[in-house]
Amino acid sequence: MARTFIKKHRLFIIAVILFWLKVYIVQRFFFHVPTENVLQEMLLFINPLSAALLIFSISLFFSLKRRRVILLSISMIGSVIVYANLIYNRFFSDFITIPTLFQTKNMGDLGESIFTLIQVTDIFLFFDVLLLFLVIKRVRVSDDAVTKRQMSWLYVGTLALFAFNLVLSEIEHPQLLTKSFDRSMVVQNIGIFNYHLYDLILQTRVSTDKTFAKSDGFQEVDEYVQTLSSNPNRAYTGIAEGKNVFVISLESMQSFVLQHTLDGEPLTPFLNQIIEESYYFSNVYHQTGQGKTSDAEFLVANSLYPLPRGAVFFTNSDNEYNGLPKIVGEEGYYSVVFHSNDETFWNRDQMYDSLGYDRFYSSADFKIREEQTVGWGLKDMEMFTQSLDYLRELPKPFYAKFITLTNHFPYALDEEDAFIKKGNTSSETLNRYFMTVRYTDEALKLFFQQLKAENLYENSIFILYGDHYGISEYHNDALSEYLGKGITLYDTIQLQRVPMIIHIPGQEGKTIETIGGQIDIKPTILNLLGIDNENDVNFGEDLFSLERSNLVALRDGSFVSEDYVYTKQKCFERESGEEIEIEQCEPFIEEVQLQLDVSDRIIYGDLLKFYMK
Ligand code: GP9
Ligand code: MN
């Protein structure tokens, strides 16, 4: 029967095979998904087939006359979906989820960035569509009508294939679909199309969670919340009480640029100098997900994890939060944000209200002339300079957040703003990144000078943090050329460290190697300011604490502990970077999953309000 089916449905079979092979090639050679053993290789090869059979089977419901067009359309739409994921993957080392599709307010600004991620050779990824078109034109005999029996067998076969795929993936990665936050692992196991189906299921679960979380899940969540403590170090309590607070988000700044040079020139001379006079936390990791800058802001403001899918700034901006701006506001602070982008980007205008900011200075509040902008907006130097006019007038004490932007992908820079020559690795992105990092460093230097001149420096504290990675895994080869060593999975995690600097004028410098994350910033600031917020739910701990759990969870479930680094179901010794038995990491894997899960349930269920008096 299979023979007859093949003979009578040649076009269908050809379309499926072409598409299967194309998706396999993209998954295997273009996506950043792990392939380390034969089973994983096999999974990558077979997993596009069940999805290809399923989606092309739609054509069989159409009349013979229409079928050719339908086949071609499916092939085209499918290819666009794969390609969109490829572009996304090149930048984010991640895959598209349904909530990201609704972040339409961000779309306008993405133009140039997307353009940089497209390569001319990408056109070959649509070669199969062309081939199918030619075949359809040449093969005059049309396929046959399909019988009900054939249809049933087709679906039984597809289902069996999918089940086989799931069994293999369960062998390779037990509980992947029920317990993982790592999308690249899911795609590696079930393929990009089945992944989208899985994402759809997660989406519907989120909606139902919203309704049920309050009644069913609350007790469980509450039990966990009661165990949380930010363990403040009393020696630091209130050392910055009443001072103005500057929180500066360093766009795309990773720790590897600090104290590093390019052709003998330091990449961050100012930051290197300020580190000497500050508390510098050398092992702080970013914990952001798909919401990038906004996720980092969320972590800093709430000491909660951002969401596993989409940007919480978009999905849950109506929740009640006990945000840092709101808490300091209750203590008499005036809280503001300076960011020269449209106020709706990342849905900030809505979310900032929920976090309790008094005022958001967005692009509408800056004078923006063409020559003062580059890439995504106003140059950092100009942003800082113009902010001063507002800063001067603010009621004191103030809490002021600044979001830098020049060091944003695609790292564009005007010649006159270049303080070093660009790099000479095989990635133009990385080469330019060095220059924009150096520029932002110079902008910070200027800002500190200006603040000193305005008498705003002495009575303030400064928290500088990197928001997320700037160089994705796509540029690993070039990065290893620069670093002079290969990049292992272990290194990929270590590269997620971001600058974390607390500068208090008058205090001596100290490098602190504590393992921490952005989630720890809020309780740290509150302790420095001497603010004790009893009703607060903080998943982080004071970075100065001597009783820290020293376990930092990354958003995809990877983690770093005192002794271990864990990612993609592999366990490494932190000290040496050597891979060790997974059993060593196991006790922490569950703890990290639980922590992420409880935080997610609090957000999806809008549960924070039950803790606020
Ligand atoms: C845009 C800026 C950059 O306003 O925050 O956002 P990112 O793309 O890094 O999340
Ligand atoms: Mn950012």
In whole angstrom, largest first, the equivalent ellipsoid semi-axes that the Cα gyration tensor gives for the range 464-613 are 29, 21, 15
Packing-ranked peptide list from 397-407, 39-49, highest mean Cβ count within 10 angstrom first, is 397-407, 39-49
Among Gln350, Thr440, Leu405, the residue whose Cα sits farthest towards the positive end of the charge dipole of the range 308-456, when +1 is placed on the Cβ of each Lys and Arg and -1 on the Cβ of each Asp and Glu, is Thr440
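Checking understanding here: applying a Kyte-Doolittle mean of at least 0.5 and a length along the axis of at least 24 Å (C-alpha), which whole DSSP H helices in the chain pass?
On the way: long enough: 38-56 (28 Å, 1.80); 64-92 (42 Å, 0.87); 148-172 (36 Å, 0.63); 192-212 (30 Å, -0.04); 428-453 (38 Å, -0.35); 586-604 (27 Å, -0.02).
What comes out of the filter, once short or polar helices are dropped, is 38-56, 64-92, 148-172.
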Percent antiparallel among DSSP beta bridges confined to the chain, nearest 5, equals 45
Once the dipole of the range 215-612 is set up from charges on Cβ (+1 Lys and Arg, -1 Asp and Glu), the residue from the list Ile501, Thr261, Ala364 lying farthest towards its positive end is Ala364
For His32, His408, His468, the accessible-area ranking with a 1.4 Å probe, largest leading, is His32, His408, His468
Here, Glu581 and Ile17, labelled 7 Å along Cα→Cβ, have an inter-label distance in nm of 4.8
Rounded to whole angstrom, the alpha-carbon centroid of the range 310-344 lies from that of the range 46-91 at a distance of 42
Other residues with Cβ under 13 Å from the Cβ of Val328 give, with Lys and Arg +1 and Asp and Glu -1, a net charge of -1
Reported to the nearest 10 Å², Trp20 has, with a 1.4 Å probe, an accessible area equal to 50
Total charge of the residues flanking Asp417 in space, meaning their Cβ is under 9 Å from its Cβ, with Lys and Arg +1 and Asp and Glu -1, is -3
Answer in debye to the nearest 20: the dipole magnitude of the range 345-445 about its Cα centre, from +1 Lys/Arg and -1 Asp/Glu charges placed on Cβ, is 300
Phi-derived 3J(HN,Hα) across the range 357-370 with the Karplus relation (6.51, -1.76, 1.60, θ = phi - 60°), rounded Hz, x for Gly and Pro, is 6, 7, 8, 10, 8, 9, 4, 5, 9, 9, 8, 10, 9, 3
Projecting the Cα atoms of Ala240, Ile17, Ser50 onto the charge dipole of the chain, where Lys and Arg contribute +1 and Asp and Glu -1 at Cβ, the residue farthest towards the positive end is Ile17
Treating only Lys and Arg (+1) and Asp and Glu (-1) as charged, each at its beta carbon, one finds that the chain has a dipole about its Cα centre, in Debye to the nearest 20, of 3820
With label points set 7 Å from each Cα along the Cα-to-Cβ direction at Thr488 and Ile239, the distance between them in nm comes to 3.6
Interchain or sequence-distant (5+) residues whose placed amide H lies within less than 5 Å of the amide H of Phe398 are Asn244, Val245, Tyr334
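Using only the heavy atoms of the protein chains and a 1.4 Å probe, how would Glu534, Glu591, Glu251 rank by accessible area, largest first?
Details: Glu534 160, Glu591 65, Glu251 5 Å².
These residues rank, largest area first, as Glu534, Glu591, Glu251.
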Output ordering of 422-435, 471-484 (per-residue mean of other Cβ within 10 Å, highest first) is 422-435, 471-484
Net charge near Asn476 (other residues with Cβ under 13 Å of its Cβ; Lys, Arg +1; Asp, Glu -1) is -2
Once both label points are put 7 Å beyond Cα along the C-beta direction, the Asp122-Tyr198 separation in nm becomes 2.5
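Rank-order 64-74, 271-281 by packing density, defined as the average count of other C-beta atoms within 10 Å over each peptide's residues, highest first.
Values: 64-74: 16.6, 271-281: 20.3.
Descending mean neighbour count gives 271-281, 64-74.
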Evaluated at 20 °C and 1.002 mPa s, the Stokes-Einstein D of the range 169-286 based on the Kirkwood radius over Cα pairs, in µm²/s, stands at 106
Counting only protein heavy atoms and leaving out ligands, DNA and RNA, the solvent-accessible surface of Tyr334 at a 1.4 Å probe, in Å² to the nearest 10, equals 70
In debye to the nearest 20, the charge dipole size for the range 500-613, taken about the Cα centre with +1 at each Lys and Arg Cβ and -1 at each Asp and Glu Cβ, equals 640
Length gained if Ile368 through Ser73 is fully extended, taking 0.36 nm per residue and subtracting the Cα-Cα distance, is 101.8 nm
Residue separation between Ala84 and Glu331 times 0.36 nm, minus their alpha-carbon distance, gives in nm 84.2 nm
The rounded separation in angstrom of the Cα centers of the range 554-587 and the range 364-428 is 37
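The values are calculated or read from the model by the stated rules, or taken from the named source; none is laboratory data. What you are looking at is a predicted structure, and each value in this text was computed from that prediction instead of being measured. Counting neighbours? That spans all protein chains shown, and the Cβs are built from the backbone with ideal geometry, glycine included. Quick note on the areas: whole protein, heavy atoms, side chains included, nothing else; ligands and nucleic acids left out. Shrake-Rupley method; radii C 1.70, N 1.55, O 1.52, S 1.80 Å.
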